[in-house]
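Heads up: the structure comes next, in structure tokens.
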Number of protein chains: 2
Amino acid sequence: MIEPRTLKGFRDYLPEAMIPRERLIATARDVYRSFGYSPIDTPALEYLEVLKGKGSDETDRLMYEFEDHGGRMVGMRFDLTVPLARFVAQHVNEIGLPFKRYHIGSVWRGENTSRGRYREFMQCDFDTIGTRAVAADIETGLVIYELIRKIGEAFGRPLPFTIHVNNRAVLSGLLQKLGLAERSTEILRALDKLAKIGREKVAAEMASTAGTTGEQAEQVLKLAEISGDSDAILSQLAQLVAGNPQGEEGVERLRAIVRGAAAGGVPESALKIDASIARGLDYYTGAIFETFLADLPTIGSICSGGRYDNLAGLFTKQELPGIGASLGLDRLLAALEELGMLSKVRTPAPVLIAYFDKDRLDDYLRLAAVLRGAGIGVEVYPEPKKLGQQLQYADRRGFRVAIIAGEREFTAGRCQLKNLATTEATEASLQDPEQLIASVRALLS
Amino acid sequence: MIEPRTLKGFRDYLPEAMIPRERLIATARDVYRSFGYSPIDTPALEYLEVLKGKGSDETDRLMYEFEDHGGRMVGMRFDLTVPLARFVAQHVNEIGLPFKRYHIGSVWRGENTSRGRYREFMQCDFDTIGTRAVAADIETGLVIYELIRKIGEAFGRPLPFTIHVNNRAVLSGLLQKLGLAERSTEILRALDKLAKIGREKVAAEMASTAGTTGEQAEQVLKLAEISGDSDAILSQLAQLVAGNPQGEEGVERLRAIVRGAAAGGVPESALKIDASIARGLDYYTGAIFETFLADLPTIGSICSGGRYDNLAGLFTKQELPGIGASLGLDRLLAALEELGMLSKVRTPAPVLIAYFDKDRLDDYLRLAAVLRGAGIGVEVYPEPKKLGQQLQYADRRGFRVAIIAGEREFTAGRCQLKNLATTEATEASLQDPEQLIASVRALLS
């Protein structure tokens, strides 16, 4: 006999975890599609040379790699961005540009599980490739807004959140203007600690690692600390970078995002220019997005991304600029759980028909077909067990209504509808399908 | 520079392939859910000992296996049944019985690709574990029926099909009655060739491999060749197995399936008792299902399954009977393509708003938000390129309607709706959102 167990860092999804997970994925898919992003999929396994050296040293080290039966060195994908780069380079003539895609799939990293990380997790990305247009920047913000709004709707209540937006070109422009362009890595590294160690220590670190003067440090800190409403921030940023074309363009693109987001229906309170966010040092070059839940800001950004200059430089000479973002599925599910927005329901069907009279199976099946025909999910209990046992089964799984009918009920042309939350029972017609459907719907609504 | 390519036997899914694939998966999910099957997921990687020796010699040989960073021998799952067995054995106390689950996920086998097989493919299974009740047999048939019916609906036209059902216990009962129980493997192997080599040669093979007499062979062939409507077949089967309890129970369970399927809404023409199907030699012990498209019978069964006595005997002492089936996603997609039911659409959104006037981006975004709010998928072209180029983009991707509005149209409060299939243009209001939505809907319906 073999012990049934999963590998360390891997997990099974039981129905109570999988049901909200599927709902989240379906919501993301619907939103992506509504903006015209198309689905793609790529293999779990790739040639090792496609994956190796394309992420970071860490992803290289954590990658699952092996030799396949044909002697090829292969790796399991560790993200969906490297496969996207390979995909676009390979198929650019078939897909055409601009190309908008979403990709929802599992990725694998041999992570240290002591940090609560899993070795298999799902990514949920959307990207627009092949255009530098600010319309794509704006749209990325609109998609993030719709995504989190619809997720709140799908889980029963609004989920207040703020999208933080920045443009890397603003800081780059300022550094250029200050003659610090070559020091941007050190300055970003110091700035990143602003919330933790305060402005004095950041200024000190910049002085020692980037050789900034007091005035230079002051300008950089001023940029990171700018606050106020969008108009106020934009005019301060414009002042700071005035005269530097890169910085000025960054500010103009931020202004277009603010204006376009409002036109696209994003309330002012949901989008905030945040000059302090940078998201990594090398990859992003333009707009950057992070998204925080008002009720749980400490869990970090639940949807992040940004603009990059060249997606697939290692696979093709064609320059492929793009912008995209990724929904943090696992983080968001953890947040929904912490906010008490996940129910423990283990069935996707709300109605259970009790198998009460052992000779009436065909009648139960007929009844179930009527309700299913009206779009109501129905399970028929498979065995004529004691009613108490069947109701316990219904309770445990989170069915909301049980339909009970025996010989007496069929003769009378009525059945019992039991509301499993309140345990109240009402009667409904067995003879008039429309009435029955209406009664069940009323209980479910 | 690295050549962008996929591994042999693996493939990318481009939008035109992925859109119907997602539609198929969504349809299956909806149908499974409507019967109360719950979603689960399991890891792509399992301990090798969990997978090895659980399928066939072939699956063992084809499995992707390697040593992970922690020195564990691991394998990539080659089906969803072995993981289900491990899952149920591991979680039986949490999930409770009966347990109904669906599982849609990728599996990997290092297949010989010269046979047109892929090394990564998706399975789409549903099973009911922990009950021997005939209600679960009936339900399996009902799910298959709804599945193929709804898939036809989702792809635009009815897809005529027949579900072939049998019960392994009928043949087993007959063989027992004939004193041939010990020879069932040889007899099944010979019977399997009936359509190919004809009854004479099958009888000869049975005589030589199973030592049957002429009369025994005649009885076995009679069973495999029974035809007529369900009532006629059932009464002939009942005669053949009369006196053998196992065979009689098999016939009674087939009778219950026929009756229950009718009660559950399956038309008589869609379900056929077929005593000739056996589906493998060892695994199935009761009801068996295969499903054939009337317009493409030669592609083989598109949805198959059956009842088994003990799912997880290698993982737990608890006996776990069950029944389930699997939708053949790839085969069905190939069939839909062959039947001309797949369009070449590469966008999930039907409407493209042309970016016509470079100063009107915010107006286009506003327009898109109005339509999206009404549930209509809309893409805004990201750059103010030439209209001809944007319309070509729309055509190639399969958008159905283009909305064109420039300075003149905005001033007049009207826009152009271009039906991309007919190239006809109509006008619609820009001032009254309800009217605009109605006009677009009319074009899309």
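Just give me the residues in segment A:107-160 being more than 16 Å from the chain's Cα centre (by Cα), of a type in the set (Val, Ile, Thr) and at pLDDT 95 or above, in sequence order. A:128, A:129, A:131, A:134, A:138, listed by residue number. Being more than 7 Å from chain B (Cβ to nearest Cβ), more than 15 Å from the chain's Cα centre (by Cα) and either within 20 Å of residue A:153 (Cβ to Cβ) or of a type in the set (Asp, Glu) (or both) is the filter here, so list the residues in segment A:3-35 that pass it. Within segment A:3-35, A:3, A:16 meet the criteria. Among the criteria (1) at the interface with chain A (Cβ under 8 Å from one of its Cβ atoms); (2) surrounded by 22 or more Cβ atoms within 10 Å (Cβ to Cβ), the one residue B:91 does not fulfil is (2). Scan segment A:166-187 and tell me whether some residue there is over 28 Å from residue A:234 (Cβ atoms) and touching a helix residue (DSSP H, G or I) at 6+ places or on another chain (Cβ under 9 Å). Checked segment A:166-187: no residue is over 28 Å from residue A:234 (Cβ atoms) and touching a helix residue (DSSP H, G or I) at 6+ places or on another chain (Cβ under 9 Å). If we scan segment A:98-106, do we find a residue that is more than 23 Å from residue A:36 (Cβ to Cβ), within 23 Å of the chain's Cα centre (by Cα) and either of a type in the set (Asp, Glu) or assigned by TED's automatic domain parsing to the domain that holds residue A:39 (or both)? Among the residues of segment A:98-106, at least one is more than 23 Å from residue A:36 (Cβ to Cβ), within 23 Å of the chain's Cα centre (by Cα) and either of a type in the set (Asp, Glu) or assigned by TED's automatic domain parsing to the domain that holds residue A:39 (or both), which makes the answer yes.
Exactly one residue among A:142, A:159, A:147 is in contact with a strand residue (DSSP E or B) (Cβ under 8 Å, 6 or more places away or on another chain), within 14 Å of chain B (Cβ to nearest Cβ) and either farther than 25 Å from residue B:43 by Cα or in a helix (DSSP H, G or I) (or both), and that residue is A:147.
Criterion applied to B:25, B:40, B:19 was being among the β-branched types (Val, Ile, Thr) and farther than 22 Å from residue A:120 by Cβ, and the one residue passing it is B:19. Would you be able to say whether some residue in segment A:27-38 is touching a residue at least 12 places away in the same chain (Cβ under 8 Å) and surrounded by fewer than 18 Cβ atoms within 10 Å (Cβ to Cβ)? Yes, segment A:27-38 contains a residue that is touching a residue at least 12 places away in the same chain (Cβ under 8 Å) and surrounded by fewer than 18 Cβ atoms within 10 Å (Cβ to Cβ).
Among the residues of segment A:337-352, is there at least one that is outside any loop (DSSP other than H, G, I, E, B) and within 13 Å of chain B (Cβ to nearest Cβ)? Within segment A:337-352, one or more residues are outside any loop (DSSP other than H, G, I, E, B) and within 13 Å of chain B (Cβ to nearest Cβ). When you check residue A:117 against the structure, is it touching a residue at least 60 places away in the same chain (Cβ under 8 Å), surrounded by fewer than 20 Cβ atoms within 10 Å (Cβ to Cβ) and touching an Asp or Glu at 6+ places or on another chain (Cβ under 6 Å), yes or no? Yes. Taking the condition of being at pLDDT 95 or above, assigned to a loop (DSSP other than H, G, I, E, B) and within 15 Å of residue B:108 (Cα to Cα), how many residues in segment A:65-86 meet it? Residues that pass the stated criteria total 2. Screening residue B:110 on (1) within 29 Å of residue B:85 (Cα to Cα); (2) in contact with a strand residue (DSSP E or B) (Cβ under 6 Å, 6 or more places away or on another chain); (3) not basic (Lys, Arg); (4) not in a helix (DSSP H, G or I) shows it passes everything except condition (2).
Here is the figure for segment A:211-258: residues that are outside any helix (DSSP H, G or I), surrounded by fewer than 16 Cβ atoms within 10 Å (Cβ to Cβ) and touching a residue at least 24 places away in the same chain (Cβ under 8 Å) total 3. Answer yes if at least one residue in segment A:148-166 is buried (at least 22 other Cβ atoms within 10 Å of the Cβ), of a type outside the set (D, E, K, R) and closer than 16 Å to residue A:221 by Cα, and no otherwise. The answer is yes; a qualifying residue exists.
Every residue, every condition in (1) crowded, with 20+ Cβ neighbours inside 10 Å; (2) basic (Lys, Arg); (3) in contact (Cβ under 8 Å) with a residue 60 or more places away in the chain; (4) at positive phi, yes or no:
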residue: A:325; (1), (2), (3), (4): yes, no, yes, no
residue: A:334; (1), (2), (3), (4): no, no, no, no
residue: A:340; (1), (2), (3), (4): no, no, no, yes
residue: A:358; (1), (2), (3), (4): no, yes, no, no
residue: A:363; (1), (2), (3), (4): no, no, no, no
residue: A:370; (1), (2), (3), (4): no, no, yes, no
residue: A:382; (1), (2), (3), (4): yes, no, no, no
residue: A:388; (1), (2), (3), (4): no, no, no, no
residue: A:396; (1), (2), (3), (4): no, yes, no, no
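When residue B:93 is tested against (1) touching a helix residue (DSSP H, G or I) at 6+ places or on another chain (Cβ under 6 Å); (2) in a helix (DSSP H, G or I); (3) of a type outside the set (Asp, Glu), only condition (1) is not met.
So, of the residues in segment A:36-88 that are among the hydroxyl-bearing types (Ser, Thr, Tyr) and either more than 8 Å from chain B (Cβ to nearest Cβ) or within 23 Å of the chain's Cα centre (by Cα) (or both), which turns out to be nearest to residue B:368 (Cα to Cα)? Taking the candidates together, the pick is A:37. Quick check: is even one residue across segment B:303-319 closer than 30 Å to residue A:94 by Cα, more than 15 Å from the chain's Cα centre (by Cα) and part of a loop (DSSP other than H, G, I, E, B)? Looking through segment B:303-319, none of the residues is closer than 30 Å to residue A:94 by Cα, more than 15 Å from the chain's Cα centre (by Cα) and part of a loop (DSSP other than H, G, I, E, B).
Of all residues in segment B:1-60, exactly one satisfies the criterion of being assigned to a loop (DSSP other than H, G, I, E, B), in contact with a helix residue (DSSP H, G or I) (Cβ under 8 Å, 6 or more places away or on another chain), of a type in the set (Gly, Ala, Ser) and under 30 Å from residue A:382 (Cβ atoms), namely B:55. Which one of the conditions (1) among the hydroxyl-bearing types (Ser, Thr, Tyr); (2) in a helix (DSSP H, G or I); (3) surrounded by 15 or more Cβ atoms within 10 Å (Cβ to Cβ) does residue B:269 fail to meet, given that it meets all the rest? It fails just one condition, (3).
Every residue, every condition in (1) out of contact with any Ser or Thr (no Cβ under 7 Å at 6 or more places or on another chain); (2) of a type in the set (Gly, Ala, Ser); (3) not in a strand (DSSP E or B), yes or no:
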| site | (1), (2), (3) |
| --- | --- |
| A:383 | no, no, yes |
| A:392 | yes, no, yes |
| A:396 | yes, no, yes |
| A:399 | no, no, yes |
| A:402 | yes, yes, no |
| A:416 | yes, no, no |
| A:423 | yes, no, yes |
| A:443 | yes, no, yes |
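Of the residues examined, residue A:309 is not one that is surrounded by fewer than 20 Cβ atoms within 10 Å (Cβ to Cβ) and under 30 Å from residue A:392 (Cβ atoms). From the residues in segment A:1-47 that are of a type in the set (Val, Ile, Thr) and in contact with a Pro (Cβ under 9 Å, 6 or more places away or on another chain), which one is farthest from residue A:78 (Cα to Cα)? My answer is A:19. As a summary of the residue check, residue A:205 satisfies the conditions (1) touching a residue at least 60 places away in the same chain (Cβ under 8 Å); (2) over 17 Å from residue A:274 (Cα atoms); (3) surrounded by 19 or more Cβ atoms within 10 Å (Cβ to Cβ) except for the one numbered (1). Of all residues in segment B:356-382, those satisfying the criterion of being among the charged types (D, E, K, R) and facing chain A (nearest Cβ under 8 Å) are B:362, B:363, B:366, B:372, B:379.
The values are calculated or read from the model by the stated rules, or taken from the named source; none is laboratory data. Nothing here was measured: the structure is a model prediction, and the numbers come from that model. Don't worry about glycine lacking a Cβ; one is built from the backbone with ideal geometry, like all the others, and counts go over all protein chains shown.
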